[in-house]
Amino acid sequence: MSIDIEKYLEKRLGMPHARKRLLVEQEFEHNICGPASGFCHLENWYSFHSIVKNTLRLFGLYQRGVRNTLKTQVKHEYYSFQNLPEEFNGYTILQLSDLHIDMADETRDKIIELVENLDYDLCVFTGDYRKNTYGDIEKTLFGMKAVSVVLKQPMYAILGNHDSIRMVPELESMGMRFLINESVEIKKNNSSFYLAGVDDAHYFKADNIDKAVSSIPVDAFTLLLSHTPEMYQKAEDYPIDLFLCGHTHGGQICLPGRIPLTWDADCPRRYAKGRWQHKHMAGYTSSGAGTSIVNVRFNCPGEVTLHHLGMCKATHNK
């Protein structure tokens with residue numbers, strides 16, 4: 001696709017955000033440490049990759065870890081909300097997170113196998129489409145095209161800390177609508193709910209939740225997409241009903257009992273994997289379908305997740 005990316009993004013997002021995001025990428029995407037102290041791209045610390053691989057090989061675990069990456073599961077999560085419009089009772093959202101689609105062809109093919117026959121109403125992507133944090137995106141786009149053609153519309157997406165905003169026009173041409181500190185109204189008959197999405201809050205610090213929800217009625221059922229769970233405290237100040245995120249890979253390499261060694265996010269461990277509740281807000285952190293840094297998993301299967309929305313019984317019986 002031939003396009004003036006700067007003009008496209010300035011028109012779409014406004015000049016200040018577009019230029020800031022492009023400038024931050026240019027200055028920091030190659031680095032280990034990013035624009036905010038304490039947040040790093042370990043993916044760019046290549047000696048660390050070798051340490052992990054060689055340690056696993058030393059203990060005879062590396063090939064087992066690679067095989068584990070193909071044990072991706074379809075998970076089902078069920079919710080009850082008092083303010084969910086009746087038209088959306090039973091509405092199902094497919095969440096795909098942290099695909100890192102160019103990491104391994106076998107993982108890409110497994111993801112396609114799992115999702116192509118699933119039943120759902122809407123698909124959301126919560127970031128990290130490519131393996132690396134900078135450089136060529138052609139293999140990423142090829143992989144995402146293969147995934148997108150087997151998915152149902154509508155598809156909405158946000159950017160992760162591995163993703164360049166320059167990828168947006170190509171991915172949107174595949175039918176993915178990006179929410180970059182934006183929101184959209186999801187309608188069904190005479191009812192609706194709102195889906196909001198923020199830009200990467202982990203590495204690029206480009207999130208603006210205030211802007212993302214600015215046009216949403218205060219009493220509307222609202223679902224927020226964030227790449228990382230570490231935004232949970234910001235989100236608590238807004239009427240967010242369900243917060244979907246990823247980034248952590250659930251730890252990817254976990255101790256027996258599925259205890260993560262690390263989750264690379266500034267949040268308590270209880271927010272780093274699976275279902276959680278924070279004050280009025282329900283949340284879910286996906287373990288992701290792909291892998292990062294090293295293509296292995298231990299005690300932490302990958303996942304694609306179906307979120308089933310329901311009404312509280314008291315509300316439903318009125």
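The values are calculated or read from the model by the stated rules, or taken from the named source; none is laboratory data. The structure displayed is predicted, hence computed values, not measured ones. In this analysis, Cβ positions are derived from the backbone assuming ideal geometry, glycine residues included, and neighbour counts consider all displayed protein chains.
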### Task
Pick out, from segment 224-292, the strands (runs of 3 or more DSSP E) lying fully within it that include 2 or more residues that are out of contact with any Phe, Trp or Tyr (no Cβ under 6 Å at 6 or more places or on another chain) and free of Cβ contacts under 8 Å to residues at least 60 places away in the same chain.
274-278
### Task
Look through segment 273-312, keep the residues that are in contact with a strand residue (DSSP E or B) (Cβ under 7 Å, 6 or more places away or on another chain) and among the hydroxyl-bearing types (Ser, Thr, Tyr), and return whichever of them is surrounded by the most Cβ atoms within 10 Å (Cβ to Cβ).
Thr285
### Message
Every residue in segment 30-74 that is in contact with a Gly (Cβ under 9 Å, 6 or more places away or on another chain), buried (at least 17 other Cβ atoms within 10 Å of the Cβ) and either assigned to a loop (DSSP other than H, G, I, E, B) or modelled with pLDDT of 95 or more (or both), please.
### Response
His41, Asn68, Thr69, Thr72
### Summary
Scanning segment 134-156 for residues that are assigned to a loop (DSSP other than H, G, I, E, B) and surrounded by fewer than 17 Cβ atoms within 10 Å (Cβ to Cβ) gives Gly135, Asp136, Val149, Val150, Lys152, Gln153, Pro154
### Query
How about segment 92-122: which of its residues are surrounded by fewer than 24 Cβ atoms within 10 Å (Cβ to Cβ), outside any loop (DSSP other than H, G, I, E, B) and not β-branched (Val, Ile, Thr)?
Leu94, Asp105, Glu106, Arg108, Asp109, Lys110, Glu113, Leu114, Leu122
### Task
Considering only residues that are outside any loop (DSSP other than H, G, I, E, B) and among the basic types (Lys, Arg), look in segment 178-222 and name the one that is surrounded by the most Cβ atoms within 10 Å (Cβ to Cβ).
Lys211
### Selected residue (criterion: nearest to Asp128 (Cα to Cα)) from residues of segment 296-318 that are in a loop (DSSP other than H, G, I, E, B) and modelled with pLDDT of 95 or more
Gly302
### Message
What's the total number of residues in segment 101-149 that are among the basic types (Lys, Arg) and over 15 Å from the mean Cα position of the chain (by Cα)?
### Response
4
